[in-house]
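What follows is one structure encoded as structure tokens, with my remarks underneath.
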Amino acid sequence: MAKKMKNSDQRGRFEYLQALVNEFQTTKAKDYKLQVLANLANFAYDPVNYDYFRELNILDLFLDVVAESTDEKMIEFAMGGICNCCLDETNQNFFLESDCLDIAIKCLKCTNEETVLSAITTLLYLITPVSRKVIVNRQVCDLMKQFQKSSNKRLSNLATIFLQDYAYMP
């Protein structure tokens, strides 16, 4: 049985995440920005952080980095952060109401396979009856067919799952 966090633990976690966001926004050093972004993406695994992420606009930060950055590693970590947050229903709704689908679809064309893996997984998490027509289209399915041929088994397997479970295309 998981024990509840004390209020002081929660406040400390919020303040720590806030400090990371502040550092990301103020630092000029690319390496520090990258390290902070990687830390935020890792914290996105923990559902305890989801309310803090929304309050601190970290979901927006991830979207902005993917949409605006030209650095492959920054995009990789931000897309990973988005992917890690997608299991939460409130976060899913946020992403579905934002331009996340377009961003994730754009990331399918990245050369960084980790970014592509996060993009595919994000799209899988965000498929709903409404979003399905945006996600499951000819362009995306053609890319998935290419990914099925990849020597990277994770990429090949995710593409196969996408096509088998959602595309119904030969």
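Each reported figure results from applying straightforward, stated rules to the coordinates on display, with no laboratory input. In this text the structure is predicted, and so the values were computed from the model without any measurement. Here the Cβ is made from the backbone with ideal geometry for all residues, glycine too, and neighbour counts use every protein chain on show.
In the set 136, 130, only one residue is touching a residue at least 24 places away in the same chain (Cβ under 8 Å) and either surrounded by 18 or more Cβ atoms within 10 Å (Cβ to Cβ) or within 14 Å of the chain's Cα centre (by Cα) (or both); that residue is 136. Determine which single condition residue 96 fails, assuming it passes every other condition in (1) surrounded by 14 or more Cβ atoms within 10 Å (Cβ to Cβ); (2) closer than 29 Å to residue 28 by Cβ. The failed condition is (2).
Would you say residue 87 is hydrophobic (A, V, I, L, M, F, W, C) and in a helix (DSSP H, G or I)?
no
Within the stretch 60-88, the set of residues being within 14 Å of residue 102 (Cβ to Cβ), crowded, with 18+ Cβ neighbours inside 10 Å and not hydrophobic (A, V, I, L, M, F, W, C) is empty. The test for being farther than 18 Å from residue 125 by Cβ and touching a residue at least 12 places away in the same chain (Cβ under 8 Å) holds for residue 61.
Residue by residue, here is whether (1) over 13 Å from residue 79 (Cβ atoms); (2) outside any helix (DSSP H, G or I) holds:
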residue	(1), (2)
109	no, yes
114	no, no
119	no, no
125	no, no
129	yes, yes
142	yes, no
147	yes, no
154	yes, no
160	yes, no
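Please go through the stretch 25-70 and pick out each residue that is hydroxyl-bearing (Ser, Thr, Tyr) and either under 15 Å from the mean Cα position of the chain (by Cα) or more than 14 Å from residue 13 (Cβ to Cβ) (or both). Listed by number, the residues that qualify are 26, 27, 32, 45, 50, 69, 70. Kindly indicate whether any position in the stretch 99-112 is of a type in the set (Val, Ile, Thr), farther than 18 Å from residue 49 by Cβ and surrounded by 15 or more Cβ atoms within 10 Å (Cβ to Cβ). Yes: the stretch 99-112 contains one or more residues that are of a type in the set (Val, Ile, Thr), farther than 18 Å from residue 49 by Cβ and surrounded by 15 or more Cβ atoms within 10 Å (Cβ to Cβ).
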